[in-house]
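Below: one structure, written as structure tokens.
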Amino acid sequence: MYKEDTSITIKTGVENMSQKEVVNLLRQTVWAKERKKETIIKSLNNSICYGAFTKNRQQVGFARVITDYATHFYICDVVVKKEFRNKGIGRQLLKTITENEDLKPLLGMLITENAEKFYEPFGFTKNPICFMTNK
Ligand SMILES: CC(C)(COP(=O)(O)OP(=O)(O)OC[C@H]1O[C@@H](n2cnc3c(N)ncnc32)[C@H](O)[C@@H]1OP(=O)(O)O)[C@@H](O)C(=O)NCCC(=O)NCCS
């Protein structure tokens, strides 16, 4: 029987990400399934990247943060590989992000359609201020 090693390490920094695995992970999402590879790579190069890796160095989770390091940070593209969900990996990614000393004083933002419960333990609550976008 196939048995996956589920002990996970979180790594930070674009240089530690597997571009191929991040593209595959984003293909599993509703919002980025059609995002071009070049766009994904550009976004990685301009974000703080977080990856979840198995002992076999397979990347099974990803999240990124966009920030000015002065006022706000924005968490996006949070995704865990389907077969690895509900094992606490997403929570490990969020814990690493929210424990970043540079980000702690800033206003954190994110958009979610249905995963409020996932973010609430990290101090995120629904903000009644209307969110506007241009797309
Ligand atoms: C959301 C996602 C990243 C969570 O990762 P994960 O590794 O499965 O999450 P964890 O195992 O750390 O779960 C932690 C908790 O969040 C909850 N949770 C996970 N996904 C959830 C969701 N979509 N909605 C509400 N709660 C969720 C779990 O029930 C768990 O709570 P519990 O311990 O009280 O049962 C993962 O399900 C995923 O990749 N989903 C598809 C992409 C996506 O929707 N990303 C979020 C966009 S805002």
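The values are calculated or read from the model by the stated rules, or taken from the named source; none is laboratory data. The model shown is predicted, which means the values in this text are computed figures rather than measured ones. Counting neighbours? That spans all protein chains shown, and the Cβs are built from the backbone with ideal geometry, glycine included.
On the given criteria, is I97 in contact with a helix residue (DSSP H, G or I) (Cβ under 9 Å, 6 or more places away or on another chain) and either farther than 30 Å from N56 by Cβ or modelled with pLDDT of 95 or more (or both)?
Against the criterion (in contact with a helix residue (DSSP H, G or I) (Cβ under 9 Å, 6 or more places away or on another chain) and either farther than 30 Å from N56 by Cβ or modelled with pLDDT of 95 or more (or both)), I97 qualifies.
Can you find, within the range 94-120, the residue that is nearest to the chain's Cα centre (by Cα) among those that are more than 12 Å from the ligand (Cβ to nearest atom) and of a type in the set (D, E)?
Among those residues, the one meeting the criterion is E99.
Any residue in the range 118-135 that is surrounded by 11 or more Cβ atoms within 10 Å (Cβ to Cβ) sitting within a Cβ distance under 6 Å of a residue that is outside any loop (DSSP other than H, G, I, E, B) and at pLDDT 90 or above? List the pairs, counting only those 6 or more apart or interchain.
F122/L94; F122/T98
Being more than 29 Å from S7 (Cβ to Cβ) and aliphatic (A, V, I, L, M) narrows it down to one residue among I129, I48, I75; which is it?
Just a single option satisfies the conditions, and that option is I129.
Quick one: in the range 12-30, of everything that is among the hydroxyl-bearing types (S, T, Y) and within 18 Å of F84 (Cβ to Cβ), which residue is surrounded by the most Cβ atoms within 10 Å (Cβ to Cβ)?
S18
Taking the criterion of being closer than 20 Å to L26 by Cα, among the basic types (K, R) and within 8 Å of the ligand (Cβ to nearest atom), would at least one residue in the range 83-90 satisfy it?
Taking every residue of the range 83-90 in turn, at least one turns out to be closer than 20 Å to L26 by Cα, among the basic types (K, R) and within 8 Å of the ligand (Cβ to nearest atom).
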